[in-house]
1. Just to be sure I understand: with springs between alpha-carbon atoms less than 10 Å apart, which residue in Gly48, Gly100, Gly115 has the highest mean-square fluctuation in the Gaussian network model of the chain?
2. Give, rounded to the nearest 20 debye, the magnitude of the charge dipole that the chain has about its Cα centre when Lys and Arg contribute +1 at Cβ and Asp and Glu contribute -1 at Cβ.
3. For the stretch 1-55, what's the relative contact order in percent, using C-alpha pairs closer than 8 Å and at least 6 residues apart?
4. Could you pull out the GluC sites (Glu not before Pro) across the stretch 7-97 that fall in loop regions by DSSP (anything but H, G, I, E, B) with no more than 12 other Cβ atoms inside 10 Å?
5. Report the one residue of Ala88, Pro12, Leu104 whose Cα lies farthest in the direction of the positive end of the charge dipole of the stretch 9-131 (charges on C-beta: Lys and Arg +1, Asp and Glu -1; origin at the Cα centre).
6. Work out which trypsin sites (Lys or Arg not before Pro) in the chain are exposed loop sites (DSSP not H, G, I, E or B, at most 16 other Cβ within 10 Å) and give the longest gap free of them.
7. Which order results if Asp8, Asp129, Asp78 are arranged by neighbouring Cβ count within 10 Å, fewest first?
8. Rounded to whole Å and sorted largest first, what semi-axes of the equivalent ellipsoid does the C-alpha gyration tensor of the chain yield via the square root of 5 times each eigenvalue?
Amino acid sequence: MQELNLEDWQDPSVIRAALARKRIAVVGMSSKELRASYFVGFYLFRNGYDVVPVNPRETEILGLTCYPNLSEIPGSVDVVDVFREPGAVPEIAEEAVAIGAEFLWLQFGVISAEGVSIATNGGMQSIVDRCIKIEHARYLGRMHWLGFNTQQIKATRDQV
């Protein structure tokens, strides 16, 4: 399996399209408040998304029913946001394709060429090595309101 060119999987138009969807399954979401998966799920929930926790060791997170896997979620899922180790991604991608999800979102450090290939071959779009909470804040949240991604404020200096 070849390596991913991450820039190919971080297209702003695909990110914005995923953020426009409302039902997000957070795979690997924890009930522990200090975990990134909890904080991201909480942030999405507070920002109006229909968050569906997925973790076989939990029954409820944020007062929401937690499902052991994607196939047991009733109804459709738009985005599958993954907080698992890269080795778990191919199986998650297969399940995401099977339930008809539109997007596979792999969080920071969750990089799986095989998982992305499965998702792509199944008709899904993928975002890799990006945080959905940060991207939401950048495009739709307070970071956007402050001028980030409007080319008014930049992280790099202009060439002289």
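1. The residue that fluctuates most here is Gly48.
2. Details: 15 positive and 20 negative charges, 166 e Å.
Roughly 800 debye, rounded to the nearest 20.
3. Relative CO of the stretch 1-55 lands at 37 percent.
4. Working: sites: Glu7, Glu33, Glu58, Glu60, Glu72, Glu91, Glu94, Glu95; in loops: Glu33, Glu58.
Listed in order of number, the matching sites are Glu33.
5. Pro12
6. Values: sites that count: Arg21, Lys22, Lys32, Arg35, Arg57, Lys154, Arg157.
The reported range is 58-153.
7. Values: Asp8 10, Asp129 15, Asp78 18.
Least crowded to most crowded, the residues run Asp8, Asp129, Asp78.
8. Details: eigenvalues 133, 79, 37 Å².
Equivalent ellipsoid of the chain: 26, 20, 14 Å, largest first.
Throughout, read-outs are computed from the coordinates displayed, never taken from laboratory work. What you are looking at is a predicted structure, and each value in this text was computed from that prediction instead of being measured. Because the Cβ atoms are built from the backbone with ideal geometry, glycine has one as well, and the counts that use them run over all protein chains shown.
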